[in-house]
Amino acid sequence: MQVFHSKSTLRAHISSLENQQFSLGIVPTMGALHTGHISLVSAALSENSVVVVSIFVNPTQFDKAEDLEKYPKTLDRDLALLQKVSKEILVFAPSAAEIYPHGNLSKSYDFEGLDTVMEGAFREGHFNGVGTIVEELFRIVQPKRAYFGEKDFQQLQIIKKLVELRKIPVEIIGCPIVREPHGLAMSSRNERLTSALRKEAAFIYATLLTAKTKFGTKSANYICRWVEQQFKNHPSLRLEYIAITDVATLKPVARKRPLVKYRAFIAVYAEDVRLIDNIALN
Ligand code: PAF
């Protein structure tokens, strides 16, 4: 496994491979790797001869300095974990100055409304920051395929829109959510939960599962009010939002239509740890 900290050395290495027959995959991450990330890396390894895993806690996608500060940074542990997965991985772990030599500034995108709801509504500038780093990683690495988890489903749709808008020739592959045994979606943020809170947070997925069973007979509005009520009875978890949307547009459902795919999205605070999850409803 090779680790690169600069764009130019990574680019030079990739260029040196380009004469050989090879296909390049990328798994962009912010580190604090867990089984969910490893499932993305395994998918990438199964479909590409070379895989770049980027580890970069991207400052421009955090709307609160405090959240950025608290985000777990565990590079040595991450490298040890990746080394066990495959020696063929190229790790790209740049500094903020390497990525943002002119200061931590985001580009501004028009994601055609995908970014104004849910995460976009609650985290100002978040998706401009995500778009900026992902576009930059694609420019540096020039991958054939890129792998993202469906836990960040809104992000996945926005990245698909980004490559369409910027005409970037990369296939975006969404991979299923990986869950802890009691159902909590795996996230680097889970590390900040006490074991008691981690168990309690399983309630988030349990609620989504019940919402899914109700979706056959109840309206989206009814289900959202029902979810809000469930969290009122569960004071250690504070619901930030529940939304049921059309998968393609991410617009809230007013009236269910045949042949349209719907998903429920949720954001919850467990003490000061913000957790998100989602589920396909049909
Ligand atoms: O999903 C993440 O971990 C981040 O948003 C990403 C895609 C690596 C961009 O920083």
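The values are calculated or read from the model by the stated rules, or taken from the named source; none is laboratory data. Because the structure is a prediction, the values reported are computed rather than measured. Because the Cβ atoms are built from the backbone with ideal geometry, glycine has one as well, and the counts that use them run over all protein chains shown. Side chains are part of the model used for accessible areas, which takes the heavy atoms of the whole protein and leaves out ligands, DNA and RNA. Shrake-Rupley method; radii C 1.70, N 1.55, O 1.52, S 1.80 Å.
Within segment 245-282, find all residues whose amide N lies under 11 Å from a label point positioned 7 Å from the Cα of Ile173 along Cα-to-beta-carbon. Nothing falls inside the zone, counting backbone N under 11 Å.
A simple charge model with +1 on the Cβ of Lys and Arg, -1 on the Cβ of Asp and Glu and nothing else charged puts the dipole of segment 200-282 at about 600 debye relative to its Cα centre.
Accessible area per residue was computed with a 1.4 Å probe on protein heavy atoms; Thr194 scores about 80 Å². In the elastic network of the chain, a GNM with C-alpha springs shorter than 10 Å, the most mobile of Val227, Val41, Val85 is Val85. In the chain, taking the dipole from charged Cβ atoms about the Cα centre, the farthest positive-side position among Ile14, Ala202, Leu33 is held by Ala202.
Solvent exposure of the chain, expressed per residue, is 47 Å² of accessible area, with all protein chains present and a 1.4 angstrom probe. Largest first, the residues Arg179, Arg166 sort by 1.4 Å accessible area into Arg166, Arg179.
Placing a pseudo-label 7 Å from each Cα along the Cα-to-Cβ vector at His13 and Glu112 gives an inter-label distance of 3.7 nm. When the chain is treated as a Gaussian network with alpha carbon springs shorter than 10 Å, the biggest mean-square fluctuation among Lys161, Lys218, Lys144 belongs to Lys218. Sorted largest first by accessible area at a 1.4 angstrom probe radius, with every protein chain in place, the residues His5, His34, His126 fall in the order His5, His34, His126. Ignoring ligands, DNA and RNA, what percent of the accessible area of the chain is carbon or sulfur (1.4 Å)? About 53 percent, which is the carbon plus sulfur part of the accessible surface.
For the listed residue pairs Lys199/Lys251; Lys212/Lys256; Lys199/Lys256; Lys107/Lys251; Lys161/Lys251; Lys160/Lys199, the alpha carbons are over 22 angstrom apart in Lys199/Lys251; Lys199/Lys256; Lys107/Lys251; Lys160/Lys199.
Spatially, segment 8-52 and segment 83-101 are offset by 10 Å when compared through their Cα centroids.
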